[in-house]
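For reference, the structure is listed below as structure tokens.
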Amino acid sequence: MTSYTLPALGWNAHFAAQLTDNLIPMRVTDIHKSFIGTLGESGAERLDMTLDLVDQGVTVGDWVLKDPETGQPVQVLARQTLLKRRNARTNLDDQLIAANVDTLFVVSSCNKDFNVARLERYFALAHQGGAEPVLILTKADLADNPGEFEAEAMRSLPGVMVYALDALDPATPEKLAGYCGEGKTVALLGTSGVGKTTLTNALTGLNQLTQDIRSSDARGRHTTTARSMHQMQAGGWLIDTPGMRALRLADAREGLEAVFADIEELAGQCRFNDCAHESEPGCAVRDIVEPERLKRWRKLMNEDTYGNETIAESRERYRKVGKLHAGGKARGVSKRK
Ligand SMILES: Nc1nc2c(ncn2[C@@H]2O[C@H](COP(=O)(O)OP(=O)(O)O)[C@@H](O)[C@H]2O)c(=O)[nH]1
Ligand SMILES: [Mg+2]
């Protein structure tokens, strides 16, 4: 059985400081109903999904501590980074996507999948969780002018590293080698069919099935349905995720501020410090920021503010708004409370 060193698995001082007694650190590679897949110094091991883990909300990429006496995991270590989204169906609970990720490869294609609003969402999620987002634009080989997509991305996501590439090209792993290496963790996020599994195969040497095969003859086999962590050939770990259709942000104010840093910065020059950049006089943002970008910023900030309030808070807000209207003195509710 392959064994690993803890640093090769991503272990560092942040985790070492949380190690107690004679518990054994294991890194979580995949999650199932009744067990988790883990890797540790003694190799791969399945551990029970204990109540402790359920309570602590274990996810792929987490470090857990195993009690050597019972063989059971007893603790999830505090994460260095955490990618999560709001449950789009209930809008109440958070869904953990992956933990302890250094770099998030946001994957989109040089075709109609490319959507700036969606990319801004993914980037906010990464910034919020503490991971560095990098944009991978696949299917550059199929596009008439992949440079257009690159340019559009750079306009909307200031400072972004963007790679337009052919995920099937054998030279692709070399282009992304800077994000790999001992102890590093990369995750992939993007809609279905953009090439996440193709990239995973290229970086790990695995041979997982990609989308096209399922639709033709590979009945009974299936493409990515769950998240899992795999070793990359250049060192480090890769977490593939199934395609995500709806991505709602969860408490992502700081992440949004990072993605829309230009708006945040200009807002400091507005005459009113609660300027909503709508029709206020002396607004420094409206004239400079592209109206579409401003609209997307507003939508995401609203979603973040109101999407994250508790039921009691939203009752209270509706009550207040109702009162204002009833009194005939309705004024814009400031976005910055
Ligand atoms: N020509 C070309 N095809 C690609 C590229 N990336 C992915 N594909 C193809 O797109 C389809 C979907 O890829 P897959 O990796 O399954 O996407 P996933 O759903 O994001 O995991 C497959 O047929 C891949 O071979 C690329 O950069 N160029
Ligand atoms: Mg896939």
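The values are calculated or read from the model by the stated rules, or taken from the named source; none is laboratory data. Nothing here was measured: the structure is a model prediction, and the numbers come from that model. Here the Cβ is made from the backbone with ideal geometry for all residues, glycine too, and neighbour counts use every protein chain on show.
Some observations on this one:
- Any hit, the range 154-168, residues being in the same structural domain as Gly236 (by TED's automatic domain parsing), within 12 Å of ligand 1 (Cβ to nearest atom) and among the acidic types (Asp, Glu): yes
- Note on the range 199-215: among residues that are near ligand 1 (Cβ under 8 Å from one of its atoms) and surrounded by fewer than 17 Cβ atoms within 10 Å (Cβ to Cβ), the one that is farthest from Arg121 (Cα to Cα) is Ile213.
- Test for Leu104: is it surrounded by 18 or more Cβ atoms within 10 Å (Cβ to Cβ) and in a strand (DSSP E or B): yes
- Residues located in the range 91-101, provided they are among the polar types (S, T, N, Q) and assigned to a strand (DSSP E or B): Gln95
- Search result, residues across the range 199-210 that are under 15 Å from Thr172 (Cα atoms), free of Cβ contacts under 8 Å to residues at least 60 places away in the same chain and within 10 Å of ligand 2 (Cβ to nearest atom): Thr200, Asn201
- Every test in (1) touching a Ser or Thr at 6+ places or on another chain (Cβ under 6 Å); (2) of a type in the set (A, V, I, L, M, F, W, C); (3) in contact (Cβ under 8 Å) with a residue 60 or more places away in the chain is passed by Leu165 save one, and that test is (3).
- Number of residues in the range 109-135 that are more than 21 Å from Thr185 (Cβ to Cβ) and either among the small types (Gly, Ala, Ser) or in contact with a strand residue (DSSP E or B) (Cβ under 8 Å, 6 or more places away or on another chain) (or both): the value is 7.
- Test for Gly147: is it away from ligand 1 (no atom under 13 Å from the Cβ) and not assigned by TED's automatic domain parsing to the domain that holds Thr29: yes
- When we screen Glu303, Glu292 for residues that are at pLDDT 90 or above, not in a loop (DSSP other than H, G, I, E, B) and not assigned by TED's automatic domain parsing to the domain that holds Asp94, the only hit is Glu292.
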